[in-house]
Amino acid sequence: MTKKLITINQFIKKSIGEWKSIRSTHTLAFQEFENSTSKIFINYLEVTNRKVIELLEKFNFKTYESIISISISWQAISDWEEDKKVEKDQTILIFLPRDKNSGIVLRTKGYAESCISSSEYYIDENNNLQLKTIYNSTISEERICFLSTHIRSRYSVIRDKENHSVIQTSHTSEIRNISTLKD
């Protein structure tokens, strides 16, 4: 019996909404860790949105059938900051499927390095979204999985691009704000 894989469209649809995030980041070289909490907002963007078109053009894509574009914005508070200042940011992700379960993701802001980037993605046999991004000096590997309808878990490893040593790991638990769901 083979397990039915969800599609990237189904995975993204399950991710849309407002989430509370609790994240622990471990920087191995300095033997330090950081805990942060965030509000994360994941929304669909129209493929005709100016920012979507600009990002596609930066990667020399003129048009692409079946693209999925989303906006992810967040407000974070870290225990590294003494004044507990709220940091806000946003990124746009454009999924360019090769098939139902794999393809490329274009980002206006990378996960490991703050620059535009592209990632390879696929959904594995356990319906986890796996992402791999090669940046200028690092390689980021991320896994996002649903533990239930309203709980997601994210794991990431950032490696040095030159010698592949592990620089940083993180684990994030995300809980959907169900009060914001529409009937």
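The values are calculated or read from the model by the stated rules, or taken from the named source; none is laboratory data. Keep in mind that this is a model prediction, so the values were computed, not measured. Note that we place each Cβ from the backbone using ideal geometry, even for glycine, and neighbour counts take in every protein chain shown. These area figures cover heavy atoms from the full protein model, side chains too; ligands, DNA and RNA do not enter into them. Shrake-Rupley method; radii C 1.70, N 1.55, O 1.52, S 1.80 Å.
Scanning the range 75-114 for residues that are in a strand (DSSP E or B), closer than 20 Å to GLN168 by Cα and of a type in the set (Ser, Thr, Tyr) gives a single hit, SER78. Go through the residues of the range 15-32 one by one and say whether even a single one is part of a helix (DSSP H, G or I) and within 14 Å of the chain's Cα centre (by Cα). Yes, there is a match, as at least one residue in the range 15-32 is part of a helix (DSSP H, G or I) and within 14 Å of the chain's Cα centre (by Cα). Out of ILE42, ILE22, one residue alone is β-branched (Val, Ile, Thr) and under 18 Å from THR108 (Cα atoms). It is ILE42. Considering each residue of the range 1-8 in turn, none proves to be in contact (Cβ under 8 Å) with a residue 60 or more places away in the chain, open to solvent by less than 90 Å² (accessible area, probe 1.4 Å), of a type in the set (Ser, Thr, Tyr) and within 22 Å of VAL157 (Cα to Cα). All of (1) surrounded by 15 or more Cβ atoms within 10 Å (Cβ to Cβ); (2) of a type outside the set (Gly, Ala, Ser); (3) in contact with an Asp or Glu (Cβ under 9 Å, 6 or more places away or on another chain) hold for ASN136 with one exception: (1).
Considering GLU87, GLU113, the condition of being more than 22 Å from GLY17 (Cα to Cα), surrounded by fewer than 17 Cβ atoms within 10 Å (Cβ to Cβ) and of a type in the set (Asp, Glu) is satisfied by GLU113 alone. Only a single item in (1) over 20 Å from ASN43 (Cα atoms); (2) surrounded by 14 or more Cβ atoms within 10 Å (Cβ to Cβ); (3) of a type in the set (A, V, I, L, M) is not met by ILE104, and it is number (1).
If you take the residues in the range 38-63 that are in a helix (DSSP H, G or I) and in contact with a strand residue (DSSP E or B) (Cβ under 6 Å, 6 or more places away or on another chain), which one is most open to solvent (accessible area, probe 1.4 Å)? That would be LYS51.
Within the bounds of the range 134-148, is there any residue that is within 29 Å of ILE178 (Cβ to Cβ) and more than 16 Å from the chain's Cα centre (by Cα)? Scanning the range 134-148 turns up at least one residue that is within 29 Å of ILE178 (Cβ to Cβ) and more than 16 Å from the chain's Cα centre (by Cα). Remark: pairs (first residue in the range 89-108, in contact (Cβ under 8 Å) with a residue 60 or more places away in the chain; second residue surrounded by 14 or more Cβ atoms within 10 Å (Cβ to Cβ) and of a type in the set (Gly, Ala, Ser); Cβ separation under 8 Å; 6+ apart in sequence or on different chains) = PHE95/SER69; PHE95/GLY103; PRO97/GLY103.
Per-residue answers, yes or no, for (1) closer than 30 Å to VAL47 by Cβ; (2) of a type in the set (Phe, Trp, Tyr); (3) touching a Phe, Trp or Tyr at 6+ places or on another chain (Cβ under 6 Å):
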position: SER71; (1), (2), (3): yes, no, no
position: GLN75; (1), (2), (3): yes, no, no
position: CYS115; (1), (2), (3): yes, no, no
position: SER137; (1), (2), (3): no, no, no
position: SER140; (1), (2), (3): yes, no, yes
position: LEU147; (1), (2), (3): no, no, no
position: ILE158; (1), (2), (3): no, no, no
position: ASN163; (1), (2), (3): no, no, no
position: SER170; (1), (2), (3): no, no, no
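Among the residues of the range 33-47, the one identified as among the β-branched types (Val, Ile, Thr) and over 18 Å from the mean Cα position of the chain (by Cα) is VAL47. Looking at the range 10-37 only, could you name the residues that are open to solvent by 80 Å² or more (accessible area, probe 1.4 Å), more than 28 Å from THR138 (Cα to Cα) and touching a residue at least 60 places away in the same chain (Cβ under 8 Å)? Selection gives LYS14 alone.
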